[in-house]
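Quick notes on the structure that follows.
The numbers here are math on the coordinates, done by the rules we state, and not lab data. On a predicted model such as this, the values are computed, not experimentally measured, just so you know. Ideal geometry is used to build each Cβ from the backbone, glycine not excepted, and the neighbour counts take in all protein chains shown.
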Amino acid sequence: MTARAEKLLFRPNGSGRLRVCLAYPSTYAVGMGNLGFQAVYRIFATLPDTSCERLFLPDTAEDRVLTEETGRAPADFHVIAFSVSFESDYPNIVRMLDAAGIPARAEDRRSSGRAWPLLVAGGPATFLNPEPIAPFFDAFLFGEGEEMIPE
């Protein structure tokens, strides 16, 4: 994790009881260039009683998978919400989970005897073709996240 010069146009709620890790299965530059990801981040980060941090695919294989805001491990969150725009990023989901020490397959997480974060996926690629990544997620959000997340 490196310190990035950012100027947010909103004030994130950092003290919510529900901890959400919003993950984009590509690099920071690609993820932050995605307006849908930015909109979903703002929604999660400003919900009352919710704190949200962002997670991206590291720039190099040697980099650890840690959140942008505090350098927290993804396994420390209640929910990891993946925003998936492209099918070509499907393998990156598994890479990120593996690098975070989280079993990729939902079945393996359930049978491990440990409490893992709930893994949710949404975004254009998931509602066009979710089947290839269905074994990795506990739930999918189909539709416009901007409308569904606050509900």
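The Rg/Rh ratio for segment 8-74, using Cα coordinates for both the radius of gyration and the Kirkwood hydrodynamic radius, is 0.97.
Shown here are the Rg and Dmax of the Cα trace of the chain, at 14.3, 42 Å. Extending 7 Å from Cα along the Cβ direction at residue 139 and again at residue 111 yields two label points whose distance is 2.4 nm. Put simply, the amide H of residue 105, placed in the peptide plane, has no neighbours under 5 Å, leaving out anything fewer than 5 places away on its chain. For the chain, averaging the sequence separation of C-alpha pairs within contact (under 8 Å, six or more residues apart) and dividing by the residue count gives a relative contact order of 23 percent. Extension gain for residue 76 to residue 127 (0.36 nm times residue separation, less C-alpha to C-alpha distance): 15.6 nm.
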